[in-house]
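The values are calculated or read from the model by the stated rules, or taken from the named source; none is laboratory data. Bear in mind that the values here come from a model prediction, so they are computed numbers and not experimental data. Reconstructed Cβ throughout: ideal geometry from the backbone, glycine too, with neighbour counts over all protein chains shown.
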Amino acid sequence: MKLNPYLSFNDECEAAFKFYEQCLGGKIDSMMTYGESPMAEQTPPEKLDKIMHASLIVGDTVLMGSDAPPQMFEKPQGFSVSLLFTDPVEAERIFDALAENGTVQMPLQETFWASRFGMLVDRFGTPWMINCDLPA
């Protein structure tokens, strides 16, 4: 079994996934608009260029997402996408990139369990936790 996060966006999926691709060093594997899908005829014209499904490969993990259908978007709550690092410099780089134009909930700092830990909500509304292991 594999567990992959699936994120919903309010018409910002394409921008978010392009940002995540660059920020996380991944590769967008697929990105289909509603207009390219078999549901094109049932989609309002203003939504045809919005993303029906996207997938981003980061290492051995796949992050997936889409723009929520009209009137179906709900603000993300009750979860975070958690990233685990072994290199504090890389953890800081990713935290800073995701935090740009977002909201830092807990600054990246040393804790009793981690050399770095921080929480934020990025500019697209996705909650993240950045954790960097203590040295062995």
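So which strands (runs of 3 or more DSSP E) are wholly in the stretch 1-74 and hold at least 3 residues that are in contact with a Phe, Trp or Tyr (Cβ under 9 Å, 6 or more places away or on another chain)? Full working, then the answer.
Values: elements: 6-9, 27-33, 51-58, 61-67.
Strands (runs of 3 or more DSSP E) meeting the threshold: 6-9, 51-58, 61-67.
Filter the stretch 26-52 for residues that are out of contact with any helix residue (DSSP H, G or I) (no Cβ under 9 Å at 6 or more places or on another chain) and modelled with pLDDT of 95 or more; which is farthest from D96 (Cα to Cα)?
E36
For the stretch 102-136, give me the residue count where each residue is polar (S, T, N, Q) and within 17 Å of K75 (Cα to Cα). Quick ask: steps written out before the conclusion?
Of all residues in the stretch 102-136, those polar (S, T, N, Q) come to 103, 105, 109, 111, 115, 126, 131.
Narrowing further to those that are within 17 Å of K75 (Cα to Cα): 103, 105, 126.
So the count comes out to 3.
Has the stretch 51-73 got at least one residue that is over 21 Å from R123 (Cα atoms) and of a type in the set (F, W, Y)?
No, because not a single residue in the stretch 51-73 is over 21 Å from R123 (Cα atoms) and of a type in the set (F, W, Y).
Criterion first (surrounded by fewer than 14 Cβ atoms within 10 Å (Cβ to Cβ) and outside the structural domain of M129 (by TED's automatic domain parsing)) does P38 satisfy it? Lay out the reasoning, then the answer.
Details: surrounded by fewer than 14 Cβ atoms within 10 Å (Cβ to Cβ): yes; outside the structural domain of M129 (by TED's automatic domain parsing): yes.
The answer is yes for P38.
Might you check whether a residue that is among the small types (G, A, S) and within 11 Å of the chain's Cα centre (by Cα) occurs anywhere in the stretch 20-43?
Residues of the stretch 20-43 among the small types (G, A, S): 25-26, 30, 35, 37, 40.
Subset that is within 11 Å of the chain's Cα centre (by Cα): none.
Scanning the stretch 20-43, I find no residue that is among the small types (G, A, S) and within 11 Å of the chain's Cα centre (by Cα), so the answer is no.
Let me spell it out: the conditions are (1) farther than 28 Å from N10 by Cα; (2) surrounded by fewer than 18 Cβ atoms within 10 Å (Cβ to Cβ), and C132 meets all of them except one. Which number is the exception?
Checking C132 against (1) farther than 28 Å from N10 by Cα; (2) surrounded by fewer than 18 Cβ atoms within 10 Å (Cβ to Cβ), the one that fails is (2).
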